[in-house]
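Notes to accompany the following structure.
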Amino acid sequence: MAPPLIQLKDIALTFGGTPLLSGVELSVSESERLCLIGRNGSGKSTLLKIAAGLVAPDSGSRFVQPGATVRYLQQEPDFADFKTTLAYVEAGLGPGDDTYQARYLVEQLGLHGEEDPAHLSGGESRRAALARVLAPSPDILLLDEPTNHLDLTTIEWLEGELGSRRGALVLISHDRRFLSNLSRSTAWLDRGRIRQIDRGFANFEEWRDEVLAEEERDQHKLDRKIVAEEHWLRYGVSGRRKRNVKRLAGLHDLRQQRRDYRGTTGSASLAAAEADKSGKLIIEAKGIGKSYGDRKIVDNVSIRIQRGDRIGIVGPNGAGKTTLINMLTGADTPDSGTVRLGANIEMATLDQHRESLDPKSTLMEALTGGRGDHVMVGGKPKHVVSYMKDFLFAQEQMRTPLEVLSGGERGRLMLARALAKPSNLLVLDEPTNDLDLETLDVLEDMLGDYEGTVILISHDRDFLDRVVTSVIVPEGDGRWIEYAGGYTDMLAQRGADLTREAPKSTPVPEAERSAKAAPAVAPGKRRLNFNEKHALETLPKSIAKLQAEIAKQQQRLDDPDLYAKDRAAFDKVSLALARAHTELQQAEDRWLELEMLREEIEGA
């Protein structure tokens, strides 16, 4: 076996209280593709900083192969003392590295190199940081959330670029598809320790569930053994004290094992405070347009959103996703066209810009607005500690300044604030940023159970496939087109290149939103996604409606004089009957397929 390029041995680190890292072992060999998985706050970023040599552990050792080059992508790059993005990227080059490669990567990532780092957006700063670590072609790349703030086009470019490189890769990301496509081994950081397998992320969730189930069985056996030994201590030791001192000591050891056991962290308990049901129509936009100077952002776009729809808006950064969503929700006025909001709309929004949070304020102040110790959830008071626990915050964090929270913790805080407001329309801008995989699962379940309407902007392909019923994409020159299904469905209909202009198309029929199924979820523990559950619930009604339509048209055709009296009407009825029969067959086939899938999952 080839010697490791980088190796961490017996790493321990404590920031007061429970150890963050305890006896952690991690090694990365040449050309290895390793994903580092763990809950928010488990120490993933800290471990990566130790591997990069930026943080010293309390104990343990770090070894890097002599001559091996290491580059680390941090979540919040420091642009101080750099006048341009190109200067920042070139500063990451080593002796003998090609400066042309720095300029090439800057251009590939959509920058021109003369940007002032002090005025970069989140996406631009992430692109500059990526160019800096990629330009030297290092032997080891340590990437902490590389896809955050990137649009889908750039994510897919980065995926291809990393896949073509020969260097070793250690990757932290919340993007499941990105991890599945790039990783060949997995390191799971859980309760201070590392477990590692030579399989990529696609197999992680199934493996994790097996490990936790085995751990639960072991703890159950330990509990039973302690009970048996305690029974012996109470009723059988009096005549055998001298001979059983060792056995008594063993019981003390078992009890200590039980005390030392760190159980798994509970799951987040996400639930949106729901308002009264809205009307059937949520938003109707007719011919809306918006321009900035000569550039058309939205041009003659018409969209109709019904109660229960899950709409995903995707596209490159700067395409106008936020502008479109602001016009649809009434936050911005279109230059032309009209937008009509339905009756009884109660809207809650999630802002991706966490700068709106005062970094000096505490977690408690951010949730309560600085008023008392209760949070208003759905119009009812709930103690802040109880609400914090729903979102996996510990009671001790009540007075923690927001500036020391991790990216994932800030993401959960923004969700907590948004979901406390009663709503029947959720507008979510990049809701998945920095969330760990378990919290993502819970968020998906919450959106699946939410009875209102959801409009979201996201660059997470797997999340879109699991949640939305249709996807709206910019097609150039201000045109936006809606495609039924999830992200993968959209690509199948229009082609895989999001940068190209698609031919003009008609809007998605309303019926397709309900019946269209999303593609299978990423490999792992299979379950019905929102589209599949929604289709199972709505298809029987669609089938009944189609059957009634067939009966109605058939009754008209049964008139023996129809053909002679009105040939055009006869042809129209015949065509409608044939179409209804086709739609009924498709609906029944889809319902049967989903029902068999549901039974298979429940029986697994």
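The values are calculated or read from the model by the stated rules, or taken from the named source; none is laboratory data. Computed from a predicted structure; not experimentally measured. Counting neighbours? That spans all protein chains shown, and the Cβs are built from the backbone with ideal geometry, glycine included.
The number of residues in the range 132-151 that are part of a helix (DSSP H, G or I) and out of contact with any strand residue (DSSP E or B) (no Cβ under 6 Å at 6 or more places or on another chain) comes to 2. Is it true that some residue in the range 530-551 is modelled with pLDDT of 50 or more, out of contact with any Gly (no Cβ under 7 Å at 6 or more places or on another chain) and in a loop (DSSP other than H, G, I, E, B)? Among the residues of the range 530-551, not one is modelled with pLDDT of 50 or more, out of contact with any Gly (no Cβ under 7 Å at 6 or more places or on another chain) and in a loop (DSSP other than H, G, I, E, B), which makes the answer no. Considering the range 296-345, and only residues there that are charged (D, E, K, R) and over 25 Å from the mean Cα position of the chain (by Cα), the residue that is farthest from Gly486 (Cα to Cα) turns out to be Asp335.
It is to be established whether one or more residues within the range 419-426 are out of contact with any Cys (no Cβ under 6 Å at 6 or more places or on another chain), modelled with pLDDT of 80 or more, small (Gly, Ala, Ser) and under 28 Å from Asp175 (Cα atoms). Yes, the conditions are met somewhere in the range 419-426.
Scanning the range 437-473 for residues that are part of a strand (DSSP E or B), farther than 21 Å from Asp175 by Cβ and not β-branched (Val, Ile, Thr) returns a single hit, Ser470.
Determine whether Leu575 is out of contact with any Ser or Thr (no Cβ under 7 Å at 6 or more places or on another chain), surrounded by 16 or more Cβ atoms within 10 Å (Cβ to Cβ), in a helix (DSSP H, G or I) and not polar (S, T, N, Q). The answer is no for Leu575.
In the set (1) in contact with a His (Cβ under 8 Å, 6 or more places away or on another chain); (2) surrounded by fewer than 15 Cβ atoms within 10 Å (Cβ to Cβ), Ala564 fails one condition alone, (1). Summed over the range 406-436, the residues that are among the hydrophobic types (A, V, I, L, M, F, W, C), over 14 Å from the mean Cα position of the chain (by Cα), within 26 Å of Lys360 (Cα to Cα) and not in a loop (DSSP other than H, G, I, E, B) give a count of 5.
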